[in-house]
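Chemist: Sending over a structure as structure tokens; questions will come in a sec.
Read-outs: derived from the displayed coordinates by stated rules, not from any lab. Remember, it's a predicted structure, so these values are computed and weren't measured experimentally. Virtual Cβ from ideal backbone geometry, glycine too; neighbours counted across all protein chains shown.
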Amino acid sequence: MATRHRHSGEPHLLHSITEWRALVEMACLPSMLPVLMSMPHGDGHPVLLLPGFMADEGTLVALKAFLRSRGYAVESWGFGRNVGFQNRHAQALEQKIRYMHHKAGRKVSLVGWSLGGVFALYGAHQATECVRSLITLGSPVSVDPEGSRSPAFVKALYRMIAHPMGPAAHVMQPRAKKLREMKSLPVPMSCLYSISDGVVPAQEATIDGDPALHENIRVFGSHTGLGFNAMVMCIIADRLAQPEGQWKPFKPEGVPGTVYRLMTHEAVPI
């Protein structure tokens, strides 16, 4: 069974105050191009990218360029800045997924970063028949009913921008219960998380689910750098390249697999 990470409480303070590590991840990305270009090409199916809280499509530029180089028909959500889990964006997302599916005649893979992953999960529930796979990057997909354990500054920002009650306003909504019922989602789902994430704690970025469809994959890096993280990009390419209907859990192999295990201290994903 895919199980949530054993971490509890808020992210470590050191990880939160050093989220500027993302700049290092961005700076290192060009040097990793040979590795990235060695990743498998996909079958050209449509992929929809969703940005994190207070981010827009500009933050997805590296990921979009990389996946297009692997042959996918990549689009971003097109709704501007992500200012919280709003009804209008959630409804528009469902329509976007259905339109992409209709236009391509093929199911759509969803890749959501941070809060974008929550949108992606909602879209997968609402338009299941149109979704091929779901990948989340440091997304709070398992927030407990008692509320998020993200740092106080994150909650304060959410209260200021999205809702006066903060993330709890959305956790208490009826649809949040549906989002937490992972076992009922018949779509392959990969949750990428980092224990050094200074924004979303590991237990909230991972899920309990059916190992035949759901998995948690540990990566090395910051929260704000996930979209520019070469390890993350390689794993996304690996997950998306699987033939439709033949999904298997992530299994790092060869030299890249050895590097992965050394950097994450994980023999296998949980």
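Chemist: Highest GNM mean-square fluctuation, the chain, Cα pairs closer than 10 Å: which of V111, V74, V141?
Modeler: Top of the fluctuation ranking is V74.
Chemist: Just how large is the dipole of segment 13-264 about the Cα centre, in debye to the nearest 20, putting +1 at every Lys and Arg Cβ and -1 at every Asp and Glu Cβ?
Modeler: Result for segment 13-264 is approximately 380 debye, rounded to the nearest 20.
Chemist: Go ahead and set up a Gaussian network model of the chain, Cα springs under 10 Å, then flag whichever of L157, L226, L63 fluctuates most.
Modeler: With Cα springs under 10 Å in the chain, the top fluctuation among L157, L226, L63 is at L157.
Chemist: Here is a follow-up. May I ask you to sort W113, W77 by Cβ crowding, counting other Cβ atoms within 10 Å and putting the fewest first?
Modeler: Working: W113 28, W77 24.
Fewest to most other Cβ atoms nearby, the residues stand as W77, W113.
Chemist: In whole Å, how far is the Cα centre of segment 204-247 from that of segment 7-49?
Modeler: The two parts, judged by their Cα centres, are 11 Å apart.
Chemist: Of the listed peptides 14-23, 210-219, what is their order by residue-averaged count of other C-beta atoms within 10 Å, with the highest listed first? Please report the intermediate quantities before stating the final value.
Modeler: On the way: 14-23: 15.1, 210-219: 20.2.
Sorting 14-23, 210-219 by mean packing, highest first, produces 210-219, 14-23.
Chemist: To continue, here is another question. Only counting other Cβ atoms within 10 Å, I'd like T264, T258, T59 sorted with the fewest neighbours first.
Modeler: Numbers: T264 18, T258 11, T59 23.
Ordered from fewest to most neighbouring Cβ atoms within 10 Å, T264, T258, T59 come out as T258, T264, T59.
Chemist: Could you tell me, in Å, what Rg and Dmax come out for the Cα atoms of the chain?
Modeler: Here Rg and the maximum Cα pair distance are 16.9, 49 Å.
Chemist: Can you sort M263, M54 by how many other beta carbons sit within 10 Å, fewest first? Can you show the working numbers first?
Modeler: Numbers: M263 13, M54 16.
Going from least to most buried by this count: M263, M54.
Chemist: Return the percentage of antiparallel bridges among DSSP beta bridges fully within the chain, rounded to the nearest 5 %. If you can, show how the numbers build up before the last one.
Modeler: Details: 1 of 24 bridges.
Roughly 5 percent of the beta bridges in the chain run antiparallel, per DSSP.
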